[in-house]
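The values are calculated or read from the model by the stated rules, or taken from the named source; none is laboratory data. Just so it is clear, the structure is predicted and the values come from calculations on it, not from any experiment. Because the Cβ atoms are built from the backbone with ideal geometry, glycine has one as well, and the counts that use them run over all protein chains shown.
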Amino acid sequence: MRTKSYGGLIIALGICIGFVAQKAQAGFILSGNREVLTSIKNFELKLVMDHNDKAIYGLKYEGVEKNIKLAFGAYGIKVFSITDDMPIKEMSKLSLSEETAVLYVRIDDIWPLILNGQKWCTYKIQLFILQHISLSREPTKRFEAITWEDIYTNFCIEDKFVYTVENALDKRLDFLIKDYLAANQKK
């Protein structure tokens, strides 16, 4: 009778977890404080999903877009959509106002993996805020910059991809919304 050795599989899985399951802390990348979110009244949503058919393992573009708008709408924060076919390079040409920033959300599936007949897949969620800023030493010069960013990468069973990614995205959005609300508390 032959027994199976799972030692190699456990080591391979441990290596995959080490490389794939990186988790970046959400936060402010320019100033280190919530002040970067105080002047924003509206967000223009730029949602990018990896596949041309706008669905990844059953995760649908329209559903993700609707959930993002509902998450912000629950707090009275308006989110408008940007055209889907706008290239990332064109984002710098957006006419951002003092009260509007771009909320960029990207969801990618990175690579599939089969372990013991079970299909696994990795995913990455990236959120960032792009807005007009000016230097304190030259306030008349304005440029666009990323002021808040969050990147999350993990893996899950393919059958639970939609549920897992939706929950992970909700948590990432919660970080942003909490930071936004804290920055805009009425004093």
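Quick one: would you say E35 is modelled with pLDDT of 55 or more, more than 25 Å from V162 (Cα to Cα) and assigned to a loop (DSSP other than H, G, I, E, B)? For E35, the condition - modelled with pLDDT of 55 or more, more than 25 Å from V162 (Cα to Cα) and assigned to a loop (DSSP other than H, G, I, E, B) - is not met. Being closer than 14 Å to Y57 by Cβ and free of Cβ contacts under 8 Å to residues at least 24 places away in the same chain, is that true of even one residue in segment 128-149? Checked segment 128-149: no residue is closer than 14 Å to Y57 by Cβ and free of Cβ contacts under 8 Å to residues at least 24 places away in the same chain. The selection criterion, being modelled with pLDDT of 85 or more, under 27 Å from A74 (Cβ atoms), among the small types (G, A, S) and touching a strand residue (DSSP E or B) at 6+ places or on another chain (Cβ under 8 Å), does not hold for A182. Take the residues of segment 102-130 that are surrounded by 13 or more Cβ atoms within 10 Å (Cβ to Cβ) and over 17 Å from the mean Cα position of the chain (by Cα): which is farthest from F161 (Cα to Cα)? Of everything passing the filter in segment 102-130, L113 is farthest from F161 (Cα to Cα).
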